[in-house]
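Report on the structure given below.
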Ligand code: ADP
């Protein structure tokens with residue numbers, strides 16, 4: 001009869017030889033107690049000990065004090081014993097005391113009777129990847145903090161500016177009404193300039209304040225886009241009838257979105273489509289949607305003045321306007337506002353346009 005014990009021992013001896021040459025992975029054989037019984041070249045390279053120095057020692061010595069206090073090595077061995085395998089990532093200690101980020105798999109070895117006779121521990125040194133991830137995370141956090149600070153600053157500045165502007169507007173109105181007879185034509189003209197400028201400033205400041213508030217609600221709800229646009233068009237009734245705009249609304253979906261922000265997004269695009277119309281042409285606006293791979297794509301298409309190709313990406317930047325105020329009134333905040341809203345929804349906004357022949361604004365809201 002064949003001696004099972006000796007066959008097993010042979011197998012046990014053969015296995016390490018296969019792994020000996022591997023340098024990218026530390027492959028270590030442990031006995032049932034976690035003592036090291038074999039050590040390949042990769043282990044030597046990654047952990048710094050030669051086989052001669054480490055054989056017979058316990059694998060716990062690679063763990064940080066924090067992990068040891070937590071009982072991590074024993075928990076991993078226990079898991080591998082019970083479930084066949086334990087996987088972990090974490091800082092481990094080399095011979096010279098420095099740390100490396102190891103990705104570790106501990107697999108239980110069994111004899112023919114199914115009893116655990118030891119473990120194979122395979123470790124990959126992922127320190128470079130880990131450091132790159134940490135640097136990226138640190139950088140992202142710094143940017144987030146800077147953005148928050150900037151947003152708070154803009155909020156406070158625009159909030160505090162509102163009061164003095166309101167005071168200017170009120171007193172100009174008072175001067176105009178109570179001193180009307182005493183003001184000569186020049187004074188009246190100057191007063192109208194002050195009034196116009198302070199109203200403009202008030203609009204700008206309000207725009208900035210609204211911009212900083214995007215995303216404050218932070219509550220995703222199911223929105224019926226047809227109902228939303230229908231009620232928006234009712235609010236815009238005066239503008240629509242003054243401009244004689246014809247607006248066609250297609251079948252729009254129900255989506256998960258931040259509702260107040262979505263309303264502002266449609267409002268900005270529809271009012272722009274009405275505002276940037278051609279003088280002698282009835283404005284025709286079409287609002288449609290299409291389901292694409294990355295979620296719903298919406299389109300607000302007009303037959304207005306259009307945009308020159310070189311300006312197509314610029315217009316989404318804050319305060320970028322292509323016209324003087326005497327041609328078209330505005331603050332240049334609207335499309336920056338729209339961009340921030342689609343960003344909030346993990347979406348995209350873009351425009352296709354032919355100068356003189358209308359524009360088609362598209363936005364997607366990300367797959368949800
Ligand atoms: P505002 O409307 O206050 O000027 P926006 O940020 O909404 O600011 O738009 C920026 C610029 O983009 C506008 O000044 C205009 O030149 C251009 N634009 C926006 N929408 C349209 C449109 N539908 N047709 C043509 N030009 C547009």
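Numbers for the structure displayed
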{"item": "Stretchable slack from residue 200 to residue 22, in nm (0.36 nm times residue separation minus alpha-carbon distance)", "result": "56.9 nm"}
{"item": "Hydrodynamic radius of the stretch 112-162 per Kirkwood, over alpha carbon pairs, in Å", "result": "15.7 Å"}
{"item": "Selected from 184, 329, 343 as most flexible by GNM, with the chain as the system and alpha-carbon contacts under 10 Å", "result": "184"}
{"item": "Calculated SAXS-style log₁₀ I(q)/I(0) at q = 0.11 Å⁻¹ - the stretch 4-125, Debye, Cα scatterers", "result": "-0.34"}
{"item": "Residue with peak Gaussian network fluctuation, the chain [Cα springs, cutoff 10 Å], from 276, 355, 59", "result": "59"}
{"item": "Modelled FRET efficiency - R0 30 Å, residue 69 with residue 127, Cβ distances, 0.05 increments", "result": "0.85"}
{"item": "Calculated FRET efficiency for the pair residue 33/residue 346, C-beta based, R₀ 41 Å, to 0.05", "result": "0.20"}
{"item": "Max mean-square fluctuation residue, GNM over the chain, Cα-Cα springs under 10 Å, options 241, 198, 299", "result": "241"}
{"item": "Helix 259-275 axis, angle to the chain major axis (alpha carbon atoms, nearest 10°)", "result": "40 degrees"}
{"item": "Residue 324-residue 135 FRET efficiency (beta carbon distance; Förster radius 41 Å; 0.05 resolution)", "result": "0.30"}
{"item": "Semi-axis lengths (Å, descending) of the ellipsoid that matches the C-alpha gyration tensor of the stretch 127-213", "result": "50, 10, 7"}
{"item": "Cα pair count fraction exceeding 29 Å, expressed as % - the chain", "result": "63 percent"}
{"item": "Value of relative contact order over the stretch 4-125, rounded to a whole percent, pairs C-alpha under 8 Å and six or more apart", "result": "25 percent"}
{"item": "In degrees, nearest ten, helix 127-178 long axis to first principal axis of the chain (Cα)", "result": "20 degrees"}
{"item": "Rounded to 10°, Cα long-axis angle of helix 72-83 versus longest principal axis of the chain", "result": "80 degrees"}
{"item": "The stretch 212-345: Cα Rg divided by the 2.2 N^0.38 Å rule of thumb", "result": "1.06"}
{"item": "The stretch 215-368, relative contact order in percent, only Cα pairs under 8 angstrom and at least six apart counted", "result": "23 percent"}
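Bear in mind these aren't lab numbers, they're just calculated from the coordinates by the rules spelled out. Please read these numbers as outputs of a predicted model, since none were measured by experiment. Virtual Cβ from ideal backbone geometry, glycine too; neighbours counted across all protein chains shown.
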